[in-house]
Amino acid sequence: MSLRIRILVLMILGSFAFAKAQLSTFSTATKELLNNQVANGNVNYAAIKKNPQNLDLALKSLEKIELDQLTNNESKALLINAYNLFVIKGVVDHYPIKSVMDKDNFFDEKVYTLGSQKVSLNQLEKEILLKRFPDERLHFALVCGAVSCPPLSMKPYTAENVEFMLKKTTKAAINNPNLVKLDMHEKKVYASKIFDWYNADFTKNQTLIEYLNRYREDMIPDGFVVQFMNYDWALNGK
């Protein structure tokens with residue numbers, strides 16, 4: 001092997017090692033943050049604002065991440081966690097606020113750093129994450145900082161648990177009466193607005209009720225119709 005090739009190989013190996021190191025730093029800081037500041041889906045924004053060390057460390061490591069150096073599962077898990085941390089960062093930066101909707105363009109401002117690019121929350125969700133991984137279950141993992149969002153997990157997503165976590169989170173969401181509830185008298189399914197906004201993601205070759213029944217413990221009977229609930233944008237804070 002020539003010296004030039006050996007140097008190239010060492011550079012590639014070094015690049016992969018650096019990417020793994022940044023991923024490890026991000027994962028550890030994210031785990032500490034979620035474990036300590038999230039309970040029952042609610043975030044202690046005041047405590048994070050007072051002591052942002054883990055949040056800052058996680059976000060700093062994202063600035064050095066190279067997604068093309070990660071596996072698909074590593075990337076998928078990282079992008080889910082990144083979205084949720086960016087939301088927390090957006091709230092903390094303007095805390096105290098009562099809703100993310102109190103901040104103009106909360107989801108559209110390109111103020112978050114992911115590797116070499118500045119991204120907005122909507123861009124990360126729709127143009128990066130869902131484009132690369134067209135998985136409707138992601139809608140239950142991405143938490144937008146509102147009461148009507150699916151609850152934020154205390155456990156971060158990892159390459160090892162991302163598929164298990166997505167299955168668990170989806171089942172929990174669809175059996176959560178705050179997101180899906182039945183009116184047996186009126187024969188109605190009251191469903192989260194999420195199922196309306198992203199209806200096409202849930203109804204590929206099936207009805208929405210058929211999709212819901214894939215995860216429901218209490219099956220929705222024939223003849224029921226869907227009505228979408230109003231979305232509560234109040235902050236998901238303690």
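Values quoted throughout were computed directly from the atomic coordinates according to the rules given, and no laboratory measurement underlies them. From a predicted model like this one, the values you see are computed outputs, not experimental measurements. For neighbour counting, all protein chains shown are included, and Cβ atoms are generated from backbone atoms with ideal geometry for every residue, glycine included.
Tell me which residues come under 5 Å, amide H to amide H, from Phe228 once H is placed; ignore anything under 5 positions away on its chain.
HN-HN under 5 Å from Phe228: Ala191.
Please compute P(r) over all alpha-carbon pairs of the chain, binned at 10 Å starting from zero, and give each bin as a whole-number percent.
7, 30, 33, 19, 8, 3, 1, 0
Where Lys and Arg each count +1 and Asp and Glu each count -1, what net charge lies around Val91 among other residues with Cβ under 11 Å from its Cβ?
It works out to a net charge of +2.
Cα-Cα over 21 Å: which of Lys131/Lys238; Lys49/Lys167; Lys118/Lys193; Lys89/Lys238; Lys76/Lys168?
Exceeds cut-off: Lys131/Lys238; Lys49/Lys167; Lys118/Lys193.
Pop the C-beta distance of Glu127 and Met219 into the FRET formula with R0 = 41 Å and round what comes out to the nearest 0.05.
The formula returns an efficiency of 0.70 here.
How would you order 20-27, 227-234, 71-78 from highest to lowest mean count of nearby Cβ atoms within 10 Å?
Packing proxy ranking, top to bottom: 71-78, 20-27, 227-234.
Compute the helix-to-body angle for 53-62: its Cα long axis versus the longest principal axis of the chain, expressed 0 to 90° and rounded to tens.
In the chain, helix 53-62 runs at an angle near 70 degrees to the longest axis.
Students often check this: by mean Cβ neighbours within 10 Å, which of 127-137, 155-165 ranks highest, and how do the rest follow?
Most protected by this proxy first, the peptides run 155-165, 127-137.
Between Ser99 and Phe228, how many nm apart are label points set 7 Å from Cα along the C-beta direction?
Between Ser99 and Phe228, the label points sit 1.6 nm apart.
What distance in nm lies between label points placed 7 Å from Cα along the C-beta direction at His185 and Thr28?
5.7 nm
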